[in-house]
């Protein structure tokens, strides 16, 4: 084996937890990770403040924290824009720091990126790039990068829709008429007409025939763009999923090709209950660099699916088994897409990301964490089972990917971006800031949208109300009212308001820390090129809390029949297991629950399990040093001197 690797493969396992990895390795269900740990260096990682996805992945690949990389949270507010305007942090154009692959390109190294976060718009110059996740499944904030529309449900009963309204459509099954070559049915044929998708973009009409194929009651559906069975795109029994359907859709950006599939979720034999799920409409266009790499990739891995759909489970559309099958499909695509990319490109560095662990932990965490109010000991095994399974199949995927890699010449890194804690309550932060006299708003009586009265607003939180609050400063912000001489005074008013927030159940404080921007360095947020994107007050909730970014409209009808739209009266929304996210990563990154995971194995690496966690900004410099490539020029971290083997005195730092 060489004592210095010539290649790097990084497998990004979003939200993989050090404690759970160790537990599952000990149980024997993560043997491939265990093999790497036996020959490499592993450690917990203190991640960025806040411990959120985009900021952390940016730090992992650049060695730069939020004040330098310019990625402060899930969103970015740019100086000079209105305080309620934001940009997604997963936009590569927001990133101000050089990445490992950009630094290595100066030495002529080529890179392969597979679904790697914070790389959109795709612009890799020397190598192959496949898609560019991650926009997380928070579709109520913005659409994922490659989706045309989100999922939908057509059902005979009302279902919750915890995001954009209109995705759940109530249908009434009626006697069918006008069908050509209808499916044979032992009971009277029924049908409905649906539009896919029902919202977001202009939909396409489909006719759905509900029929009895065996004389034992209704059991199948036939789906066709016309009332002609010969043109059917799907014929499904209960639980079955159609093949992918590709159509041209009219969007604001023009005609775009999208791909989706149907799944029959519910159908009783008397047809009194029926539900048909339609997946998100993913792109059916090129999503690779070079563009002609897409057909071969799809032949090997199947169609690209950007994100799974935890909301379908949380809103009761599908059961856990169905959701887990979605996650399994994502892992399978990740494995095949990565293997194909490695085998069909000339790469020196490869970075491949998978997000299924994170998504499932958001859903099940309250059921496995004894600190959560939702936790019930007798149900813990039920909630842990799917999570254990997903860690297991991700580990199998790691093994399958590494089967096609020469481990004698390749440095392997498994890495995650943050840990997890539970959620008990979601404070309505804008509502609470308004109660403190720091923010003023009303609701549009027609739409229910929040209208900020900037003339009475001293501050506004960075969407989606995570970690940063901006003072509405005169001379800096377009609607600023706070005089510069009062800047620090208003900072203290915000800090006192945050520290005064209380748990509605116990009366205990819920904010562990609130500090002025001037002290951000204690959180690893340094004054550098991205510092003007950092909020004027930084805060962290204690475990158990995450801000709800909305103010919901409530309609009140008076005795005389008049109606009025008012904000939701409650200050806190409880997090209900199986209905809401009960797991999150939004507290101080220094606490053990927030630690991420790093494992380096291969030539040039010592075998050790570090007792003390490493800092996230030290990862990129260490990787570059072991490989002998330039350290990214904006890196704030340093080389972890106990990780490289027999190299420190042999090469100068570059």
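Annotation: of all residues in the stretch 6-34 being surrounded by fewer than 22 Cβ atoms within 10 Å (Cβ to Cβ) and assigned to a loop (DSSP other than H, G, I, E, B), the one that is farthest from the chain's Cα centre (by Cα) is 6.
The numbered conditions (1) surrounded by 15 or more Cβ atoms within 10 Å (Cβ to Cβ); (2) free of Cβ contacts under 8 Å to residues at least 12 places away in the same chain; (3) out of contact with any strand residue (DSSP E or B) (no Cβ under 6 Å at 6 or more places or on another chain) are all true for residue 212 except (2). Here's a check for you: in the stretch 94-115, which residue that is out of contact with any helix residue (DSSP H, G or I) (no Cβ under 8 Å at 6 or more places or on another chain), closer than 30 Å to residue 532 by Cα and in contact (Cβ under 8 Å) with a residue 24 or more places away in the chain is surrounded by the most Cβ atoms within 10 Å (Cβ to Cβ)? Ranking the qualifying residues of the stretch 94-115, first place goes to 94. Residues that are surrounded by fewer than 22 Cβ atoms within 10 Å (Cβ to Cβ) and assigned to a helix (DSSP H, G or I) within the stretch 37-89 comprise 37, 38, 39, listed in sequence order. The residue list 478, 484, 504, 464 contains one member that is in contact (Cβ under 8 Å) with a residue 40 or more places away in the chain and farther than 23 Å from residue 71 by Cα, which is 504.
Where strands (runs of 3 or more DSSP E) fall wholly inside the stretch 90-171, the ranges with 1 or more residues that are modelled with pLDDT of 90 or more and on the phi > 0 side of the Ramachandran plot are 127-130. Give the residues of the stretch 489-499 that are loosely packed, with under 14 Cβ neighbours inside 10 Å and either in contact with a helix residue (DSSP H, G or I) (Cβ under 9 Å, 6 or more places away or on another chain) or without any contact (Cβ under 8 Å) to a residue 12 or more places away in the chain (or both), sorted by residue number. Answer for the stretch 489-499, where residues must be loosely packed, with under 14 Cβ neighbours inside 10 Å and either in contact with a helix residue (DSSP H, G or I) (Cβ under 9 Å, 6 or more places away or on another chain) or without any contact (Cβ under 8 Å) to a residue 12 or more places away in the chain (or both): 489, 496. Considering only the stretch 179-195, I want to know if a residue exists there that is more than 21 Å from residue 322 (Cβ to Cβ), out of contact with any helix residue (DSSP H, G or I) (no Cβ under 7 Å at 6 or more places or on another chain) and at pLDDT below 95. No: the stretch 179-195 contains no residue that is more than 21 Å from residue 322 (Cβ to Cβ), out of contact with any helix residue (DSSP H, G or I) (no Cβ under 7 Å at 6 or more places or on another chain) and at pLDDT below 95. Condition test on residue 475, is it surrounded by fewer than 16 Cβ atoms within 10 Å (Cβ to Cβ), touching a helix residue (DSSP H, G or I) at 6+ places or on another chain (Cβ under 7 Å), part of a loop (DSSP other than H, G, I, E, B) and at pLDDT 95 or above? For residue 475, the condition - surrounded by fewer than 16 Cβ atoms within 10 Å (Cβ to Cβ), touching a helix residue (DSSP H, G or I) at 6+ places or on another chain (Cβ under 7 Å), part of a loop (DSSP other than H, G, I, E, B) and at pLDDT 95 or above - is met. Listed by first and then second residue, the pairs with beta-carbon distance under 9 Å, at least 6 apart or on different chains, first residue in the stretch 537-554 and assigned by TED's automatic domain parsing to the domain that holds residue 163, second buried (at least 20 other Cβ atoms within 10 Å of the Cβ) and assigned to a loop (DSSP other than H, G, I, E, B), form an empty list. Suppose we filter the stretch 439-456 for residues that are in a loop (DSSP other than H, G, I, E, B) and surrounded by fewer than 22 Cβ atoms within 10 Å (Cβ to Cβ); how many remain? Qualifying residue count for the region: 8. Screening the candidates 401, 393 for the property of being surrounded by fewer than 22 Cβ atoms within 10 Å (Cβ to Cβ) and either under 21 Å from the mean Cα position of the chain (by Cα) or modelled with pLDDT of 95 or more (or both) yields one hit, 393. If a residue must be in contact with a helix residue (DSSP H, G or I) (Cβ under 8 Å, 6 or more places away or on another chain) and not in a loop (DSSP other than H, G, I, E, B), how many such residues does the stretch 593-613 contain? Within the stretch 593-613, residues that are in contact with a helix residue (DSSP H, G or I) (Cβ under 8 Å, 6 or more places away or on another chain) and not in a loop (DSSP other than H, G, I, E, B) number 8.
Hey, can you tell me all the residues within the stretch 185-209 that are out of contact with any strand residue (DSSP E or B) (no Cβ under 7 Å at 6 or more places or on another chain) and either exposed (fewer than 11 other Cβ atoms within 10 Å of the Cβ) or within 16 Å of residue 151 (Cα to Cα) (or both)? Correct list: 199 only. Which residue is farthest from the chain's Cα centre (by Cα), if the candidates are limited to the stretch 555-580 and must be in contact (Cβ under 8 Å) with a residue 24 or more places away in the chain and farther than 30 Å from residue 420 by Cβ? Filtering the stretch 555-580 for residues that are in contact (Cβ under 8 Å) with a residue 24 or more places away in the chain and farther than 30 Å from residue 420 by Cβ, the one farthest from the chain's Cα centre (by Cα) comes out as 564. Any residue at all in the stretch 335-355 that is closer than 24 Å to residue 164 by Cα and either in contact with a helix residue (DSSP H, G or I) (Cβ under 6 Å, 6 or more places away or on another chain) or touching a residue at least 12 places away in the same chain (Cβ under 8 Å) (or both)? The answer is yes; a qualifying residue exists. Kindly evaluate residue 518 against the criterion of being at pLDDT 95 or above and assigned to a loop (DSSP other than H, G, I, E, B). Considered against the rule, which asks whether it is at pLDDT 95 or above and assigned to a loop (DSSP other than H, G, I, E, B), residue 518 comes out as no.
The values are calculated or read from the model by the stated rules, or taken from the named source; none is laboratory data. Here the structure is a predicted model, which means the values were calculated and not measured. We place every Cβ from the backbone using ideal geometry, glycine too, and count neighbours over all the protein chains shown.
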